[in-house]
Amino acid sequence: MKIIFWVLTILFAVNNAHALEADFTSYLRGGTGISQEGGKMECFRNKNLPGNFLRLGNECDFYTELGFVFHHKKADEADPSFFRTQLRYAYSSDGLRQWESTKTTIPANPSTATTVTVPKSEIEAYVKAGGFEGNPIEYWVGKRFYRDVDLFIFDWYYYGEMAGVGAGVEAIPVGPGKLAIANLIQANEDFATTSIGRPVLNIWDFRYSTIPVFAEQNISFWGVYAWAKESTQGTTTFEATNGYVLATKLEGKGLGGYNKAVLEFGQGAMNQFNVYGKSAVDASQASERAQNKAWNVRLVEDWSMDVADRWAFMAGFAASYGSNGLDQDNVVQWQGIGVRPVYYFTDRFQLATEVGYTRYEDQNEKDKVTNAYIGPRDLGRVAIAPQLSFKKSIWGRPVMRAYASYSFWNSANQGADYIGGNAPTFADKSSGFNVGYQYEVWF
């Protein structure tokens, strides 16, 4: 918290000193609860699925983002150009008590323990400018949430999720749509130096967006190419790697609400559709070399309907099929589906419910004793939450809620490596139940 205190102090001092106009934005969520065993609630995740599928009643931390936008110059009629600086800081805690230390000990034995600090909290720091000579093109440099849309009930950015460090040009008018080009440079945190220095994944990102196709619908396209050079460190050789993404998104009004449908293909270093592919692939390890042959195809359906009379809905479906790149036992696939209906007793008092199911299959997941494939891992959840909201909208925030959440899974998902990874008390069980309280705010 000391970091955030000094950041705020410096930012406000700078703001006052230079008389800059500034906007403040924030996202906060947090809460607490107990499990059926009587201890603090534990969250249930289907390992290796992205995001937090079916998040209602399944968030175990406090998370805060503080954002500042400083306007060096705003566009006006006389001069449409603008310059602004954006900063964003994040902090997370376990929500164990009111005061929580920012340090932890590793290992638990005090006689041999060392201390490590929490991760750096700066998640955005960039400058953006545009509007020169009436031209709509915009430019940016720095560290940025460079991403598109998220499926809210899965807490997952599924299209254009390339948050990273780099530079870009956007809002380029090309035909009926707009083009954006960015170069992102993702440095490897594991190796301070190799024969080429710290390895990096060099990424070029192309987006052609909001092209009208028919009434109240538009289509967008997304493409990525990324690569990392080969290098050495002592006797270890890291082979060159590369990968790409091809994707499209159709969105607009539909089925009484707003719908987004995405189809995407990722290969090699981009098989997970983000900046976190390995930039140092150990040539002696088959599991790492597999990255260059790995691929995934993914389909996402994301629909929401704001309040119509007394009901509002969020719903999502996602399916992925691909290869982990190994020579055998290489099929990886998963599916997830969920819906959150919200009933409005009044404008402020509501009842949210969330129901859904996920399945994850990786042929390379083996039993440690028999070495046999463990089979598909299933996880389902049902949650109910009476809530108080700032306004009558599915997106109305702040919101405060009490919840009861029941999760269940199959035998393949039992054990310390799977359900027990996040919920150790429930590693040998087939279901879990939590009750508690939560808030969520954005502005």
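The values are calculated or read from the model by the stated rules, or taken from the named source; none is laboratory data. Every value quoted in this text rests on a predicted model; they were computed, and no experiment measured them. Note that we place each Cβ from the backbone using ideal geometry, even for glycine, and neighbour counts take in every protein chain shown. Each accessible area value is taken on the protein alone, full model and side chains, heavy atoms only, with ligands, DNA and RNA left out. Shrake-Rupley method; radii C 1.70, N 1.55, O 1.52, S 1.80 Å.
In what sequence, largest accessible area first, do 152, 345 appear using a 1.4 Å probe?
So, going from the largest accessible area down, we get 345, 152.
For the chain, with only Lys/Arg (+1) and Asp/Glu (-1) charged at the beta-carbon, what is the dipole magnitude about the Cα centre, in debye rounded to 20?
Its charge dipole is roughly 580 debye.
What FRET efficiency comes out for the pair residue 72/residue 285, r = Cβ-Cβ distance, R0 = 41 Å, nearest 0.05?
For residue 72 and residue 285, the calculated efficiency is 0.25.
Below 8 Å between Cα atoms, with a sequence gap of 6+, how large is the relative contact order for the chain in percent?
With pairs under 8 Å counted, the relative contact order is 13 percent.
Considering Cα pairs under 8 angstrom that are at least six residues apart, work out the relative contact order of region 170-209 and quote it in whole percent.
Answer for region 170-209 is 44 percent.
Per DSSP helix of 4 or more residues, -39500 (n - 2.57); summed, then divided by the residues of the chain. What does that give at 222 nm, rounded to the nearest 500?
-1500 deg cm²/dmol
Two decimals is fine: what's Rg over Rh for region 129-280, C-alpha atoms, Kirkwood radius as Rh?
1.04
Which value, in Å² and to the nearest 10, is the accessible area of residue 307 when all protein chains are kept and the probe is 1.4 Å?
Only protein atoms counted, so the area is about 40 Å².
Excluding ligands and nucleic acids, what accessible area in Å² is computed for residue 210 using a 1.4 Å probe, to the nearest 10?
70 Å²
Based solely on C-alpha atoms, express the radius of gyration and the Dmax of region 273-426 in angstrom.
Cα only, region 273-426: 20.2, 63 Å (Rg, Dmax).
Can you give the accessible area of residue 193 in Å² (nearest 10), computed on protein heavy atoms with a 1.4 Å probe?
About 80 Å², rounded to the nearest 10.
Just to make sure I understand: if all protein chains stay in place, what is the order of 139, 63 by accessible area at 1.4 Å, largest first?
139, 63
Relative contact order, percent, of region 311-443 when contacts are C-alpha pairs under 8 Å separated by at least 6 residues?
Contact order relative to length: 18 percent.
What is the Cα centroid distance between region 138-201 and region 47-75, reported in whole angstrom?
Using only Cα atoms, the two centres lie 17 Å from each other.
How much of the accessible area of the chain, in percent, comes from carbon and sulfur atoms when a 1.4 Å probe is used?
59 percent
Under a 10 Å cutoff between Cα atoms, tell me which one of 296, 48, 218 has the largest fluctuation in the Gaussian network model of the chain.
Evaluated over the chain, the most mobile residue of the options is 48.
When the chain is modelled as a GNM with alpha-carbon springs shorter than 10 Å, which of 410, 364, 135 fluctuates the most?
For the chain, modelled as a Gaussian network with Cα springs under 10 Å, the answer is 135.
Any chance you could run the full-extension gain for residue 195 through residue 155? It's 0.36 nm times the residue separation minus the Cα-Cα distance, nm to one decimal.
Using 0.36 nm per residue and subtracting the Cα-Cα distance, I get 10.5 nm.
Order 172, 34, 394 by their accessible area, 1.4 angstrom probe, all chains in place, largest first.
Per-residue accessible area, sorted high to low, gives 34, 172, 394.
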